[in-house]
Amino acid sequence: MGLRWFHFAAWGLFALGLALLPELVSKGTLRTLIFANYLAIFAISWDLLSGRTGYISFGHPFLIGIGAYTSAILTKRFGVEVEIAIPIAVIVTMIAGLIVLLPALRIRGSYFALVTLAFMELMYQLVQVIRPDLTGGTRGMSGIQTLTRGAVNGFYLSSVLMFVIAVAAWLLLRTRIGTALTALGLNESAVEGSGLSTTKLKMFAFMASAFVAGLGGAFYVHYLGSIAPRALFDINFVFTIIVAVLIGGASTIVGPIIGAFFLTFLLEYLRPFLPGAERYFIYGGIALLLYMYQPKGIYAMVMKAWHSLHERATK
Amino acid sequence: MKYAKGLGLSLAVSLLASTALAEIKVGFIGSLSSDTGLSTLRGAEMAIQELNAAGGVLGQQIALVTADTGEDVTEGVKAYEYLAETEEVDFIISGSIDDVSLGWLPRMQEYQIPTLDTWTSYIGIIDMVIEDPETMAPYFMNIASDEALATLYISFGADVLKAKMGWESVVILAEDTAFGGAITGLVTDALGPVAGIEVKDIITYDINTVDFGPIFSKAKATGADFIYQVSSVNPQVISSQYVKLQVPMPMTGVNVAALGMEYWEDTGGAGGGISTLSPVPSVGFDLDPVSAQFVADYQAKYSTRPSMPHFNGFNAYHGLKQAMAAASEAGGFQDVKAWNAAMLKQDLKLEKDGKLWLRYGFWQHGEVEPVTGRTYPQNGLFDLSPPYEDAQPSMVVIQWKEDGTVGVVYPFEYANTELELPSWIKN
Amino acid sequence: MLQILIQGMLLSGLYALIAVGFTLIFSVGRTLNLAYGAYLMLGGYLYFWASQSLGVPKSLAVLMAMAFGVVLGILKFRLIVKPLKGDHIAVEISTLILAVVLQAGVILIFGDSSKILLPIVGGVIYVAGAPVTYNMLIATLASWTILLSLYLFIRRTDIGRAMQAVSMDTKGAAICGIEPDRVNLITWALSGGLGALGGVFFASYTQLAPSMWVGPLIISVAVVIVGGIGSIIGTLIVAHIVGFMEVIVVSVLAPELRGVFTMGLIILVLVLRPQGLFGREEL
């Protein structure tokens, strides 16, 4: 795996930093951090599937939404305990991931992106039409059981969740599976030629991604306490997830976390200066420029700077 | 360096300013780019301006901060958190739309900040107040709930559609689950027995439908006398296509876009012939002197759209003053129970020509409305039966005429014009 | 029956008009222009501003909208597509970001209340119980005319043949002395103009709203996926499949399932025949 001491040190520092934050920043900032944490989880989920393999998902909210809706409906409508509802939601999300996988076995590139988009739109339509008594229809549901109260608790819960997922995903991508997934993105037929089963690999990537999406979605809805189709199955949500990954740096796991924090804080810190619609305009504009001129992301920029420093130091 | 110093200084000054003057902080949550959101915001601004000019509340000046939702549910949650934990406001006034309000409600329950909703009319929220009065104590909604709107529509059906127009059957066009199964069900069940209007069919349509031609053809094929359209947020397409296709069948219902003066401009005049339910006061609604003065002041102050506040602008203006009066009585907003009790007692009666015209008050807990037989605690007062001596009706029906004028057609006590068929419909 | 036929033809005509610009980029540039819906939106808004706010004659306003679309297409190619050097996924993602930015821009300028476009050509007749607006009739005729002339343009003119060549094999075309950049530029300009025109008709049928770019984009996506990498005629046929399916679902089955069926069709075709009904076997 090529783990080195500084890897442990970096993750340890990150954990320490997260643990100390509530002492250092205001509650309002903590609230923003919670959203950043959840966005980071969704971005990691996207990165697991799309970052390396080249299978760009435009419909990731499909998976997140299924996790969120399943847990919300189970707890709110059927009185299921949250401890049971969340694992069920994760399983349901993974089954949904399998369904998307079927067409994905045959198509790639832009077509794959489109079919995932179609799945998301389909879900948006279905949630409103089929059994609105369960889903709450167009308006969604409110008063869903929350796991925590207060900014600090919510922050710790989301941070632990994000941290565990991030470390697990990061370790995963450092194994041979990670290498194989990268190869899948670079040249699918070559991977096939080397005797690895691309189907199994793809399935693995899908399942891992769906697992994280379902878990994140379920915890997210029990943080928000409410759910609406427009909040989840929305192209703006896709936009935020993808941009978080790309601005941070795809296929690195660390990058999406950076991207998620950057985007969430950018939007929140623009609020006092640009209260209205200008905010989204500037925010989108910055995202576009960053992506156009730094397609490898902030992570790559930082690593480059680090390496050049390192070189200078060793010279 | 000089710049940094200046920045530091101004930062220090602003810090001083915010700590030196004790003030009451009001947060606005809603869209800053929609007529709906701006109506509430400006209503609140004007109330605050007047209160401050009169010396403030509890000896403190009132300050207003805004948090834009962009009508996005998740942004709504963030906006509420921002007001609660970054701005630490004392009171929140909301111009949010339905799903956005539902989105931040769990936050309100957690923070327990007194909050007044001026646009959302979702009965589901009032049901939450009934089920959980404890955590919903800070929440007030000073617009008649949609269920009460629908109930008065049944009377409109009996008094106008059946008695005057002679229509005996209806086909309902419902947008997805807009007002929820309960409201559509209420209209469907009550129209027959109460108004004597037979419901031929209910056609549910997809909100993104491009061509309503087939749907209108389907409605026509039912042989019903008129169409009742039930939609919530995005009804412009169906009503404009109704006009463009010159559907040879009368149509009435709910068209949120038609509630503002800009409707005529936005539709390029293609909105003639459309009638809609509207909470009061709406466009075309005769105003009492107090409301008229509010509109005059509003127009003197703001030059951009909406040129006349929507109903929620009035709600915000009076509602904010009432919330402050309640705070004076309760010694501030901190004691939510005391504020809630004081807010429930608020009662503003506006008269026009000696008749009670508008009333801004709230239903009490356990107070049963005689027509529907249910309670509406912390919901704005309304009256469902003529001659509307207890409060204003829960809604009026307004109609945009083909010459661009607009007026109220029902209830008769408030009417200033009559329901007309669009010119393309032959009797 | 006749009613379904008429309404199906009209809706399909509109859909073909909306989708053709999108197909064009997808065939020639091999990339999805996710900001395509924004051409429609901006075209519609420009027309609204010119004709309903400034009082410019309608036909001139349509031309202005188209010219604006052409400029947008060129700008997009110059500023986004070209710097990204043919990285399809990068283009797709940046056009998605662009669409979201443009949506915010429209809210800034026009606010977010929806607006109604007056029909470009007013009036309505009833044929077999189906209301037919002249506006829709014109849209359908325009759609047929544009698709046919585009077909001829691609088959008969040098530029068209160059576009075809680039569509089949960019490198091969370059070897034959065709400048792919120039061809791409023309394609993006053309697509922008067609998109804006489609947008004026689409908006004159539905409404103008800052989020209106998603709907037509999905229709275009449906047409491209079901049809496969686009021949012009394929677009025309598939627009009719999608349009007729919608009218039949709405008139005979359940109107609320309109969108569900369209999405179902997309997914089904992708699973069973990923290259599309008329596409080439290359993915």
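The values are calculated or read from the model by the stated rules, or taken from the named source; none is laboratory data. Here the structure is a predicted model, which means the values were calculated and not measured. Here the Cβ positions follow ideal geometry from the backbone for every residue, glycine too, while neighbour counts run over all protein chains shown.
Here is a yes/no grid of residues against (1) closer than 30 Å to B:G185 by Cα; (2) surrounded by fewer than 17 Cβ atoms within 10 Å (Cβ to Cβ):
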site: A:G143; (1), (2): yes, no
site: A:T146; (1), (2): no, no
site: A:Y156; (1), (2): no, no
site: A:S159; (1), (2): no, no
site: A:F163; (1), (2): no, no
site: A:A168; (1), (2): no, yes
site: A:L173; (1), (2): no, no
site: A:A180; (1), (2): no, no
site: A:A183; (1), (2): no, no
With the condition kept exactly as written, say whether any residue in segment B:262-284 is under 19 Å from B:T118 (Cα atoms), surrounded by fewer than 21 Cβ atoms within 10 Å (Cβ to Cβ) and away from chain C (no Cβ under 11 Å).
no
Regarding segment C:117-133, can at least one residue be identified that is in contact (Cβ under 8 Å) with a residue 60 or more places away in the chain and part of a helix (DSSP H, G or I)?
no
Whether any residue in segment C:12-29 is buried (at least 24 other Cβ atoms within 10 Å of the Cβ), at pLDDT below 90 and in contact with an Asp or Glu (Cβ under 8 Å, 6 or more places away or on another chain) is what I want to check.
no
Here are C:G198, C:G227, C:G192: which of them is under 30 Å from B:T267 (Cα atoms), buried (at least 24 other Cβ atoms within 10 Å of the Cβ), small (G, A, S) and more than 14 Å from chain B (Cβ to nearest Cβ)?
C:G192
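Quick one: is C:V101 surrounded by 19 or more Cβ atoms within 10 Å (Cβ to Cβ), over 30 Å from B:S34 (Cα atoms) and within 11 Å of chain A (Cβ to nearest Cβ)? Working first, answer last.
Values: surrounded by 19 or more Cβ atoms within 10 Å (Cβ to Cβ): yes; over 30 Å from B:S34 (Cα atoms): no; within 11 Å of chain A (Cβ to nearest Cβ): yes.
No; evaluated as a whole, the condition is false for this residue.
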Quick one: is A:G297 surrounded by 14 or more Cβ atoms within 10 Å (Cβ to Cβ), under 22 Å from C:V100 (Cβ atoms) and touching a residue at least 40 places away in the same chain (Cβ under 8 Å)?
yes
When the residues of segment B:146-179 are filtered to those that are of a type outside the set (A, V, I, L, M), modelled with pLDDT under 90 and part of a loop (DSSP other than H, G, I, E, B), which remaining residue is surrounded by the most Cβ atoms within 10 Å (Cβ to Cβ)?
B:F179
Expected single match for more than 8 Å from chain A (Cβ to nearest Cβ), among the basic types (K, R), in a loop (DSSP other than H, G, I, E, B) and closer than 24 Å to C:V221 by Cα among C:K85, C:K76 is C:K85
Among the residues of segment C:69-83, are any within 19 Å of C:L208 (Cβ to Cβ) and touching a Leu at 6+ places or on another chain (Cβ under 6 Å)?
no
Would you confirm whether any residue within segment A:133-156 is more than 24 Å from A:D234 (Cβ to Cβ), aliphatic (A, V, I, L, M) and either away from chain B (no Cβ under 14 Å) or in contact with a Ser or Thr (Cβ under 8 Å, 6 or more places away or on another chain) (or both)?
no
Number of positions in segment C:45-76 that are within 13 Å of C:G193 (Cβ to Cβ), among the hydrophobic types (A, V, I, L, M, F, W, C) and either buried (at least 22 other Cβ atoms within 10 Å of the Cβ) or touching a residue at least 24 places away in the same chain (Cβ under 8 Å) (or both)
10
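If you go through segment B:106-118 one residue at a time, do you hit one that is within 13 Å of chain A (Cβ to nearest Cβ) and among the hydrophobic types (A, V, I, L, M, F, W, C)? Show your work before the answer.
Here is the first cut: in segment B:106-118, the residues within 13 Å of chain A (Cβ to nearest Cβ) are B:106-112, B:117.
Checking the rest, the ones that are also among the hydrophobic types (A, V, I, L, M, F, W, C) come to B:108.
Within segment B:106-118, one or more residues are within 13 Å of chain A (Cβ to nearest Cβ) and among the hydrophobic types (A, V, I, L, M, F, W, C).
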The one condition in (1) in a loop (DSSP other than H, G, I, E, B); (2) within 22 Å of the chain's Cα centre (by Cα) that B:T417 fails to fulfil
(2)
B:T86 meets each of (1) more than 26 Å from B:A330 (Cα to Cα); (2) of a type outside the set (A, V, I, L, M, F, W, C); (3) surrounded by fewer than 24 Cβ atoms within 10 Å (Cβ to Cβ) with one exception, condition (1)
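Taking only segment C:104-113 into account, find how many residues are facing another protein chain (nearest Cβ under 8 Å) and in a helix (DSSP H, G or I). So that I can check it myself, show each step before the final result.
At the first step, the residues of segment C:104-113 found to be facing another protein chain (nearest Cβ under 8 Å) are C:104-105, C:107-108, C:111-113.
This time we only want the ones that are in a helix (DSSP H, G or I), so: C:104-105, C:107-108.
The qualifying residues number 4.
For A:S110, indicate whether it is polar (S, T, N, Q) and either more than 9 Å from every other protein chain (Cβ to nearest Cβ) or under 23 Å from the mean Cα position of the chain (by Cα) (or both).
Answer is yes for this residue.
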Run down C:I178, C:I186 and say which single residue is more than 14 Å from every other protein chain (Cβ to nearest Cβ), aliphatic (A, V, I, L, M) and not in a helix (DSSP H, G or I).
C:I178
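Take segment B:303-344 and flag every residue that is part of a helix (DSSP H, G or I) and charged (D, E, K, R). It would help to see each step written out before you state the result.
To start, the set of residues in segment B:303-344 that are part of a helix (DSSP H, G or I) comprises B:311-330, B:336-344.
Selection gives B:K321, B:E329, B:K337.
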For segment C:159-201, how many residues meet the condition of being under 20 Å from C:V71 (Cα atoms) and touching a residue at least 40 places away in the same chain (Cβ under 8 Å)?
20
Is there a residue in segment C:3-10 that is more than 14 Å from chain B (Cβ to nearest Cβ) and either closer than 27 Å to A:A287 by Cα or surrounded by fewer than 21 Cβ atoms within 10 Å (Cβ to Cβ) (or both)?
no
Could you tell me which numbered condition C:T187 fails, if it satisfies all but one of (1) touching a Ser or Thr at 6+ places or on another chain (Cβ under 9 Å); (2) at pLDDT 85 or above; (3) under 22 Å from B:I238 (Cα atoms)?
(3)
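Please return the ranges of helices (runs of 4 or more DSSP H) entirely within segment A:1-88 where 2 or more residues are under 29 Å from A:V191 (Cα atoms). Before you say what the answer is, go through the steps one by one.
Details: elements: A:5-24, A:27-46, A:60-78.
The qualifying helices (runs of 4 or more DSSP H) are A:27-46, A:60-78.
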Check C:L34 against each of (1) under 29 Å from C:A174 (Cβ atoms); (2) in a helix (DSSP H, G or I) and name the one condition it does not meet.
(2)
Filter result (away from chain B (no Cβ under 12 Å) and among the small types (G, A, S)) within segment A:27-57:
A:A40, A:A43, A:S45, A:S50, A:G51, A:G54, A:S57
If I filter segment B:235-252 for residues that are closer than 25 Å to C:I120 by Cα, free of Cβ contacts under 8 Å to residues at least 12 places away in the same chain and facing chain C (nearest Cβ under 10 Å), do I get at least one hit?
no
I need a count of the residues in segment A:257-300 that are more than 14 Å from chain C (Cβ to nearest Cβ) and not in a loop (DSSP other than H, G, I, E, B).
12
Considering only segment B:206-229, I want to know if a residue exists there that is outside the structural domain of B:W400 (by TED's automatic domain parsing) and closer than 24 Å to B:I425 by Cα.
no
Say whether the condition of being surrounded by fewer than 21 Cβ atoms within 10 Å (Cβ to Cβ), at positive phi, in contact (Cβ under 8 Å) with a residue 40 or more places away in the chain and more than 12 Å from chain C (Cβ to nearest Cβ) is met by at least one residue in segment B:327-334.
yes
